[in-house]
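Derivation of every value follows stated rules applied to the coordinates shown; laboratory data play no part. As the structure is a prediction and not an experimental result, all values here were calculated from the model. Positions of Cβ are backbone-derived with ideal geometry, glycine not excepted, and every protein chain shown enters the neighbour counts.
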Amino acid sequence: MRKNRLSAHILIFMLHSTLLFCQKSNDYQVVTVGFYNLENLFDTENDPITFDDDRTPEGKDRWTVAIYQDKLQKMAEVIVQIGSDKVRVPPVILGVSEIENRRVLEDLISEPVLKKWEYGIIHYDSPDRRGIDTGLLYQKKYFQVISSSAHELVLFDPENNNKRIYTRDQLLVTGMLVGEKIHILVNHWPSRSGGEARSQPRREAAASLNRKIIDSILSQEPYAKIITMGDLNDDPNNSSVKKVLKTTSRLKNIKNNSLYNPMDAFAKKGLGTLAYRDGWNLFDQVILSASWLEKEYSSFRFYKAGIFNKRFLQTPSGQYKGYPFRSFANGSYTGGYSDHFPVYVSLIKIYKD
């Protein structure tokens, strides 16, 4: 990697100053990029080509307009706060998963707390049988889209006559972040349905596709700034992430084609973004290419990562106290938020007039 030094007085300033999202100070500018699994954000209409019947007013979940609107409000309340305690406005870029269609994103960014930030939407319908997709929200003031594409993950089940398994596409968006070219990948890898071991090859295939897309970008732009994020349904130390995607948490091992996973450190501390059977998993991850880590801050570089797990997002009492306060449980709407905590990274650069 190219090596440069950040002056000591700027480094001290960065570590001790109040961070203001996308605000220009005398010395720096900070933006937040995040990811949030919205836990089955469905509209109330029955789509005849997907299995969404439960999420209708007449369906098993009794998914009414009132519940849908409350869910939208709850999701907007979370999004507007994602980031560091000292960040006062929403992420400039937010990857999302478990959304039914573009309409739910349009309804989401129309919520009063988000509308003033003028979010744009990137979305493609995926072949997932349940009709759930990934998407990208971005503040138009700070991010301008150059191109976008959906990359299909083709899977077959060898235990079921090689029947096709339909799952989510991987979303690639290229654009200008405050004048700097970056690439964003949004993922929702295959679930652990049928057991972790049995389903592991599917996530390894997803990781292989993701790595192929990243390598294709790096072959054209060796110093490309790439962020791949999403609900990977695997932890940072699983083979799909560590071996196939080829991530590392050791900065001294970083090379031009390396991927740095800041979420690994949280997992090693026992922290997670979702809980299951009295155990935590950190499936939601934000992973960065090597160029984000250079010690030269005339352009955006990685500053810090976080799990947004504020108290209001946690189940307040009972057996699952402290777990993500999910919006649907035991066959009914709980008034909660999501069964996943959001994750984010802060990016920083020196500001010049």
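Counting only whole DSSP H helices of the chain, the ones at least 24 Å long by C-alpha along their axis and with mean Kyte-Doolittle hydropathy no lower than -1.0 are 196-220. Once both labels are positioned 7 Å from their Cα atoms along Cα-to-Cβ, the gap between residue 181 and residue 140 label points is 2.4 nm.
For the chain, the Cβ-based charge dipole about the Cα centre amounts to some 1720 debye (Lys, Arg positive; Asp, Glu negative; other atoms uncharged). Sorting the segments 35-41, 165-171 by their mean number of nearby beta carbons within 10 angstrom, highest to lowest, gives 35-41, 165-171. If r is the Cβ-Cβ distance from residue 351 to residue 65 and R0 is 41 Å, what FRET efficiency results, to the nearest 0.05? Efficiency, rounded to the nearest 0.05: 0.35.
For residue 121 and residue 45, FRET efficiency with R0 = 22 Å and r from the beta-carbon atoms, rounded to 0.05?
Numbers: r = 19 Å, r/R0 = 0.84.
Once rounded, the FRET efficiency stands at 0.75.
Extension gain for residue 113-residue 321 works out to 72.1 nm (0.36 nm per residue, less the C-alpha to C-alpha distance).
Cβ-to-Cβ counts within 10 Å put 31, 241 in ascending order as 31, 241, the fewest first. One Cα centroid belongs to segment 49-68, the other to segment 325-340; the line between them spans 14 Å.
Within straight-line reach of residue 116, meaning a Cα separation under 20 Å, sit the following aspartates and glutamates at least 8 residues removed in sequence or on another chain: 70, 77, 106, 107. Pairwise over distinct Cα atoms, reciprocal of the mean inverse distance: report the Kirkwood radius of the chain in Å, one decimal place. Answer for the chain: a Kirkwood hydrodynamic radius of 20.8 Å.
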